[in-house]
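One structure is given here, and the rest of the page talks about it.
Just so you know, all these numbers are worked out from the coordinates, no wet-lab data involved. Values in this document were obtained by computation on a predicted structure and should not be read as measured data. All Cβ positions, glycine included, derive from the backbone under ideal geometry; neighbour counts span all protein chains shown.
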Amino acid sequence: MSEPSTKELLNVAVKAVRTAGKHALSNRVRRNEVIMRDTHDVKLALDVECQKIATAVIADFFPEHKVLGEEDTTVTTQQKALHDNQNRAKNESSQNQDYEWIIDPIDGTVNFSHGMRQWCCSIAVRRQNRILAGAVYGPELDELYTATADGPAMLNGETIKVSACSELKDAIVCTGMDKNVTPEIPPFALFRAIAGNTQKARIMGSAALDLCHVARGEVDAYFETGIYIWDVAAAGLVIEQAGGQTAVMRNLPDARLMYMASNGRIHDALTELINTAAAND
Ligand code: IPD
């Protein structure tokens, strides 16, 4: 059987994000149907439904492909991510041959649950540890970001580019509040360092959308102390194809990533700022 092209993979990712995103949008009145509440997090019935919907779209086209999704009805997110990472490491040679779809059905769930508009559905597909295509759809903002590994980054079909900002002091840097605070990487110390050395630090609440806003050039960088692969897989490709740079700064024990992405021009300066602040705290 011939391999799908990146364009074919992207078309399916777009269909899946649109279908899942529209389901969440048309069911906004059910945004308080909570299935799990944590101090800084919430899981909604719609998270699970949207992941099922996206998975079904993908399975229609590629029934043999694997799926790694944020939501799972039987184990917690962290357990699932850990389990998947352990399995991946064990079976690296065989798994590397496989296509794997990475789904965040509602990124910015807390925003969504409050009726804020900054949330999205994010889907990427990778093979041999390389992201081949990704789509991020923010239904309430009417923003569809797309990219393939061999094509341009786009917003609603128009090519986008990262900003030209070359100095930290002129930059807007978005960040997020890690759900699980890691003592050795204190998010507030890093937030303080970023806020004190840039024009503005912002926390908007949907990492995938924030990253796409870096790709589109209205934000200059994104950093988070602990984030998951499904938050960054699609949007990271969008940034790279828009001319920016991404980096996993640390792999944390529970499958979280200390992650940074930027327009490229301020990448080294921001990396140094973060590393210095983390070392000095
Ligand atoms: C979260 C959001 C948030 C970021 C968290 C993510 P979720 O994703 O992207 O902005 O700070 O680290 O986990 O849980 O809403 O899909």
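Would you grab the residues whose amide H sits under 5 Å from the one on TYR99? Only those 5+ places off in sequence or on another chain, please, with H modelled 1.01 Å from N.
Here LYS66 satisfy the definition.
Springs between alpha-carbon pairs under 10 angstrom, Gaussian network model over the chain: which of VAL214, VAL34, VAL14 fluctuates most?
For the chain, modelled as a Gaussian network with Cα springs under 10 Å, the answer is VAL34.
Where Lys and Arg each count +1 and Asp and Glu each count -1, what net charge lies around PRO139 among other residues with Cβ under 11 Å from its Cβ?
Numbers: positive: ARG18, LYS22, ARG28, ARG117; negative: GLU140, ASP142, GLU143.
Counting the neighbours of PRO139, the net charge comes to +1.
Can you tell me the dipole magnitude for the chain around its Cα centre, using point charges on the Cβ only (Lys, Arg +1; Asp, Glu -1), in Debye to the nearest 20? Walk me through the numbers on the way to the answer.
Details: 28 positive and 37 negative charges, 63 e Å.
Charge dipole of the chain: 300 debye, to the nearest 20.
Rounded, prolate or oblate: which fits the stretch 12-54 when a ≥ b ≥ c are the square roots of the eigenvalues of the alpha-carbon gyration tensor, with rounded for a/c under 1.5 and prolate only if a/b beats b/c?
On the way: a/c = 2.86, a/b = 1.86, b/c = 1.53.
Prolate, since a/c reaches 1.5 and a/b exceeds b/c.
Have a look at the DSSP beta bridges in the stretch 149-281 and tell me what percent are antiparallel, nearest 5. All intermediate terms of the calculation are to be shown ahead of the outcome.
On the way: 14 of 21 bridges.
Roughly 65 percent of the beta bridges in the stretch 149-281 run antiparallel, per DSSP.
If eta is 1.002 mPa s and T is 20 °C, what Stokes-Einstein diffusion coefficient results for the stretch 92-162, Kirkwood Rh from Cα pairs, in µm²/s? Mind dumping the intermediate values first?
Values: Rh = 13.4 Å.
After rounding, the answer is 160 µm²/s.
Would you tally the net charge around ILE266, using a Cβ to Cβ cut-off of less than 12 Å, leaving ILE266 out, and scoring K and R as +1, D and E as -1? Please report the intermediate quantities before stating the final value.
Numbers: positive: LYS169, ARG265; negative: GLU167, ASP170, ASP220, ASP268, GLU272.
Around ILE266, the surrounding residues sum to -3.
Around GLU167, under 15 Å between beta carbons, what's the net of Lys plus Arg minus Asp minus Glu among the other residues? Write out the running numbers ahead of the final one.
On the way: positive: LYS169, LYS200, ARG265; negative: ASP170, ASP220, ASP268, GLU272.
After counting each charged neighbour, the total is -1.
Select from ALA215, MET204, ILE227 the residue farthest towards the positive end of the dipole of the chain; place +1 on Cβ of Lys and Arg, -1 on Cβ of Asp and Glu, and compute about the Cα centre.
Among ALA215, MET204, ILE227, the one farthest towards the positive end of the dipole of the chain is MET204.
Along its principal axes, what span do the Cα atoms of the stretch 133-232 show, with the longest given first and each in whole Å?
Projected onto the principal axes, the Cα atoms of the stretch 133-232 cover 40, 29, 27 Å.
Would you work out the relative contact order for the chain, in percent, from Cα pairs under 8 angstrom that are 6 or more residues apart?
Details: 621 pairs, mean separation 49.3, N = 281.
RCO, the chain: 18 percent.
Using only Cα atoms, find the angle between the long axis of helix 45-61 and the longest principal axis of the chain, and express it within 0 to 90 degrees, rounded to the nearest 10.
Helix 45-61 sits roughly 60 degrees off the main axis of the chain.
Can you give me the orientation-averaged projected area of the convex hull built on the Cα atoms of the chain, in nm²? Before the final figure, lay out each step's value.
Numbers: hull surface 55.9 nm².
If you wrap the Cα atoms of the chain in a convex hull and average its projections, you get 14.0 nm².
For the chain, find the longest principal axis of its Cα atoms and tell me its angle to the long axis of helix 267-280, 0 to 90°, nearest 10.
Long axis of 267-280 versus the principal axis of the chain: about 70 degrees.
Past 28 Å, Cα to Cα, is the threshold; run LYS15/LYS66; LYS7/LYS43; LYS22/LYS43; LYS22/LYS66 against it and keep the listed order. Write down the numbers at each step before the final one.
On the way: LYS15/LYS66 17 Å; LYS7/LYS43 32 Å; LYS22/LYS43 18 Å; LYS22/LYS66 23 Å.
The answer is LYS7/LYS43.
Suppose every Lys and Arg Cβ carries +1 and every Asp and Glu Cβ carries -1, with no other charges. What dipole size does the stretch 130-246 come out with about its Cα centre, to the nearest 20 debye? List each step's numbers first, then the result.
Details: 8 positive and 15 negative charges, 50 e Å.
In debye, rounded to 20, the stretch 130-246 gives about 240.
How large is the Rg to Rh ratio of the stretch 163-281 when both quantities use alpha carbon positions and Rh follows Kirkwood? Mind showing how you got there, number by number?
Numbers: Rg = 12.7 Å, Rh = 13.7 Å.
So for the stretch 163-281, dividing Rg by the Kirkwood Rh gives 0.92.
Using only alpha carbon pairs under 8 Å that are at least six residues apart, calculate the relative contact order of the stretch 136-231 and give it in whole percent. Walk me through the numbers before you get to the answer.
Details: 145 pairs, mean separation 32.1, N = 96.
This gives 33 percent for the stretch 136-231.
Hey, what angle do you get for helix 6-26 against the long axis of the chain, alpha-carbon based, 0 to 90 degrees rounded to 10?
Value to nearest ten degrees: 90.
Nearest 5 percent is fine: what portion of the DSSP beta bridges confined to the chain is antiparallel? List each step's numbers first, then the result.
Working: 40 of 51 bridges.
Taking every DSSP beta bridge within the chain, about 80 percent pair in antiparallel fashion.
Quote the relative contact order of the stretch 1-62 in percent (integer), defining contacts as alpha-carbon pairs under 8 Å separated by 6+ residues.
On the way: 41 pairs, mean separation 23.7, N = 62.
Dividing the mean separation by the residue count of the stretch 1-62 yields 38 percent.
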